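Laboratory data are not the source of any read-out in this text; all were calculated from the coordinates shown. Predicted, not measured: the structure shown is a model, and the values here were computed from it.
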Amino acid sequence: MRSSIAALLLAIASCPVSGEQGQAQFTVAVNVPVRVLLEVIEQPTELTLSAADVARGYKDVSARYRVRHNDRRGYLLQIAPRTGITSRIDINGLGAEMTLRDEVLDVRRPGQTFEQELRLEFRFVLDAGVPSGTFELPVSVAAAPI
């Protein structure tokens, strides 16, 4: 048995061996989905109106947000009114003063950095006849891809 294995190995070793080289090219594509994440750093969940606020006709509120995104084109900041206690909402902190009434305000934000902190100042101009008390915050802030 050993001699037959040795003969077989000798026969294989004496066979001519050849090899070839080859190459190929291919393209790899990666599709990264666009993501936008809005994190509330500081924002009240409720709006408390005192008698002085009602007499003055408005209430000022500050809020801070962090937006993370992965699109060089930027993102869309969406600010929408909630509840019926305001006649308008004035917004500062987006480069120019903006006013929100009954519609959603879409503000295109540049994509200079992939993490931005926003500091917004809201002035809630009150409807006539709104009583003092505690209400749901009359604004909603969201971020979406462009």
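In Å and whole numbers, how far do the C-alpha atoms of the range 35-144 stretch along each principal axis, longest first?
46, 23, 20
So how far, in whole Å, is the C-alpha centre of the range 125-139 from the one of the range 27-62?
Distance between centres, Cα-based: 17 Å.
When the helices in the chain are scored as -39500 (n - 2.57) per DSSP H run of 4 or longer and the sum is shared across all residues, what 222 nm value do you end up with, to the nearest 500 deg cm²/dmol?
Helix contribution divided over all residues of the chain: -3500 deg cm²/dmol.
Report, to the nearest 10°, how far helix 2-13 tilts away from the longest principal axis of the Cα atoms in the chain, using its own Cα long axis and a range of 0 to 90°.
Taking the Cα atoms of the chain, the angle to 2-13 is about 70 degrees.
Express in nm, to one decimal, how much length is gained between residue 123 and residue 107 on full extension, taking 0.36 nm for each residue of separation and deducting their alpha carbon distance. Could you put the intermediate results ahead of the total?
Details: separation 16, 0.36 × 16 = 5.76 nm, distance 1.78 nm.
Roughly 4.0 nm would be gained on extension.
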